[in-house]
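K.L.:
So that we are looking at the same thing, I have put the structure below in structure tokens.
The values are calculated or read from the model by the stated rules, or taken from the named source; none is laboratory data. Only a predicted model underlies this, so the values are computations on that prediction, with no experimental measurement involved. Methodologically, a virtual Cβ is constructed for each residue, glycine included, from the backbone with ideal geometry; neighbour enumeration extends over all protein chains shown. Accessible surface is based on the protein model in full, side chains and every heavy atom, while ligands, DNA and RNA are left aside. Shrake-Rupley method; radii C 1.70, N 1.55, O 1.52, S 1.80 Å.
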Amino acid sequence: MLFYLTRRLLLMVPLLLGITLISFVVIHLAPGEPTDLQTEMNPEAGTELKERLRAQYGLDQPLLVQYAVWVKRLVRLDFGTSFSQDRRPVWDKIVERLPVTILINLLSIGLILLVAIPLGIFSALRRHRLFDRLTTLLVFVGFATPSFWLSLLLMDHFGVYLGWFPVSGIKSLGYAYLGPVEQWLDVAHHLVLPVLVSAFGGLAGFSRYMRSNMLEVIGQDYILTARAKGLSERLVVLRHALRNALLPLITLLGLSVPGLIGGSVIFESIFAIPGMGKLFYDGVMMRDYPLIMGILVIGAFLTLLGNLLADVGYALADPRIRQS
């Protein structure tokens, strides 16, 4: 296992470089430059000012030279300086926003697993019954509901009309004057609606995958043998069927790791949450190349790490894979 992990970690390096090269080229092929946003609204900005700004940002150099300079900084874990007006280091901006996004998505993943796995098991054991039909209807509604529309509905009903939950941000105005427990409760109060929106779509998908896997597993011969031995239905389902039915979900969990960033753009923008998704959206709108590349590198690393964790999870869950 140690040799396998070492080999996979080493293979991640060229893959990560390839992903960053493609991303770097695609970003620079997009129309417009950061200098355009700083000069197009200024009638006194001429060609000379634009060229000086391009030279200041290093955009006057060939594309491969720019990429080589960026890679040299990346080796030192230096993502460069943001092109925005604050001119802050990209790493500082990411570190400032990353914990919020990770917290929201970990809570949503936990909620998904807590609800989707039992829901999928009960639906499979009660196939074509009323419970299964109702959950199937709810799942299709979850698949068809756009997250931005659901966010607006929840904000309007539970935030504006009923006034139960805040509709923006993650802290109240008097947050600094609260005690530690009150601060924790205040953040949790603000995160209820974003976590529900983030988990709603994933809940539908995971429950259907769990139902499909359970239907496939409970029809296997070893399940029939376990029942023929007189084992209780609970023991058959939890010990023999559930463990094998969870294997495909491990892959989905691994692939959901990069969604910690990518899937947060919509609801973080709607709820005005200062997370990575909102930061990435603002960076794209401002054509902040260092910031965009820094977030894409983290997303690519999380994608590769998610695949590795999925393979390791397969080995831990299935002795046959671990032995091979």
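K.L.:
Given the DSSP H assignment, sum -39500 (n - 2.57) over each helix run of at least 4 residues in the chain and divide by its residue total; what's the result at 222 nm in deg cm²/dmol, nearest 500?
P.N.:
Working: 16 runs with 230 residues, N = 324.
Counting only the DSSP helices, I get -23000 deg cm²/dmol.
K.L.:
Under 10 Å, Cα contacts only: if you run a Gaussian network model on the chain, which one of Y177, Y209, Y222 comes out with the highest mean-square fluctuation?
P.N.:
Taking springs between Cα atoms under 10 Å, the residue moving most is Y177.
K.L.:
Another question, if that's okay. Could you provide, to the nearest whole Å², the per residue accessible area of the chain with probe 1.4 Å? The partial results should precede the final answer.
P.N.:
Working: 18750 Å² over 324 residues.
Ligands and nucleic acids excluded, the result is 58 Å² per residue.
K.L.:
Which residue, chosen from A144, I250, S264, occupies the Cα position most advanced towards the positive end of the dipole of the chain, where the dipole is computed from +1 (Lys, Arg) and -1 (Asp, Glu) charges on Cβ about the Cα centre?
P.N.:
Checked the options; the winner is I250.
K.L.:
If only Cα atoms are counted, what is the Rg of the range 70-163, and what is its Dmax, in Å?
P.N.:
21.4, 61
K.L.:
Using the Karplus equation 6.51 cos²θ - 1.76 cosθ + 1.60 (θ = phi - 60°), what ³J(HN,Hα) coupling, rounded to whole Hz, does each residue of the range 174-184 give in order, writing x for Gly and Pro?
P.N.:
Values per residue, Gly and Pro as x: x, 4, 5, 9, 8, x, x, 5, 5, 5, 5 Hz.
K.L.:
Can I ask one more? Report the full-extension gain for the segment L10 to I102: residue separation times 0.36 nm, less the Cα-Cα distance, to one decimal in nm. Walk me through the numbers before you get to the answer.
P.N.:
Values: separation 92, 0.36 × 92 = 33.12 nm, distance 2.57 nm.
Net length gain for the segment: 30.5 nm.
K.L.:
Under a 10 Å cutoff between Cα atoms, tell me which one of L15, L98, L77 has the largest fluctuation in the Gaussian network model of the chain.
P.N.:
The residue that fluctuates most here is L77.
K.L.:
Could you list, bin by bin from short to long, the percent of Cα-Cα pairs of the range 1-143 in 5 Å steps?
P.N.:
Answer for the range 1-143: a P(r) of 2, 7, 9, 12, 11, 11, 10, 9, 9, 8, 6, 4, 2, 1, 0 percent.
K.L.:
Right, something else. Percent relative contact order of the chain, based on C-alpha pairs within less than 8 angstrom and at least six residues apart?
P.N.:
On the way: 325 pairs, mean separation 79.5, N = 324.
Reported as a whole number, the value is 25 percent.
K.L.:
Shifting gears a bit: Over the range 133-201, calculate the relative contact order: mean separation of alpha carbon pairs under 8 Å at least 6 apart, over the residue count, as a percent.
P.N.:
On the way: 41 pairs, mean separation 26.9, N = 69.
The value is 39 percent.
K.L.:
Within the chain, which is the longest segment that contains none of the GluC sites (Glu not before Pro) sitting in a DSSP loop with at most 12 other Cβ atoms within 10 Å?
P.N.:
Working: sites that count: E40, E44.
Value returned for the longest uninterrupted segment is 45-324.
K.L.:
If the cut-off is 13 Å between C-alpha atoms, which aspartates and glutamates fall inside it for K72, apart from same-chain ones fewer than 8 positions away?
P.N.:
In chain and number order, there are no partners.
K.L.:
Could you state the orientation-averaged shadow area of the convex hull built on the Cα atoms of the range 152-196, in nm² to one decimal?
P.N.:
Details: hull surface 12.4 nm².
Mean shadow area of the hull around the Cα atoms is 3.1 nm².
K.L.:
Let me ask something else. Given springs between every Cα pair under 10 Å in a Gaussian network model of the chain, which of L63, L247, L231 has the largest fluctuation?
P.N.:
L231
K.L.:
Return the carbon/sulfur percentage of the accessible area of the chain, one whole number, probe 1.4 Å, all protein chains in place.
P.N.:
Working: 12620 of 18750 Å².
Heavy-atom surface of the chain belonging to carbon and sulfur, 1.4 Å probe: 67 percent.
K.L.:
From the protein chains alone at 1.4 Å, what is the descending order of accessible area for I117, I22, largest first?
P.N.:
I22, I117
K.L.:
Now for a different question. Students often forget the sequence filter, so: which aspartates and glutamates lie under 13 Å Cα-Cα from K171 once same-chain residues fewer than 8 apart are removed?
P.N.:
Reachable aspartates and glutamates: E182, D186.
K.L.:
Using all C-alpha to C-alpha distances in the range 183-297, build P(r) with 5 Å bins and read off the rounded percent in each one.
P.N.:
Here the calculated profile for the range 183-297 is 2, 10, 14, 14, 12, 12, 10, 8, 7, 5, 4, 2, 1, 0.
K.L.:
Just need the relative contact order of the range 58-214 here, percent rounded to a whole number, with Cα pairs under 8 Å and 6+ apart. Let's see the in-between values first.
P.N.:
Values: 125 pairs, mean separation 49.7, N = 157.
The value is 32 percent.
K.L.:
Ok, one more. Note down the accessible area of K50, probe 1.4 Å, to the nearest 10 Å².
P.N.:
Roll a 1.4 Å probe over it and K50 shows about 80 Å².
K.L.:
Check the straight Cα-Cα distances from K278 and name the aspartates and glutamates below 16 Å, setting aside those fewer than 8 residues away within the same chain.
P.N.:
In chain and number order, the partners are D92, E96, E268, D288.
K.L.:
Still on this structure: Scan around T81 for amide H atoms under 5 Å from its own, H built in the peptide plane at 1.01 Å from N, and keep only partners 5 or more places away or cross-chain.
P.N.:
Placed amide hydrogens put V90 under 5 Å from T81.
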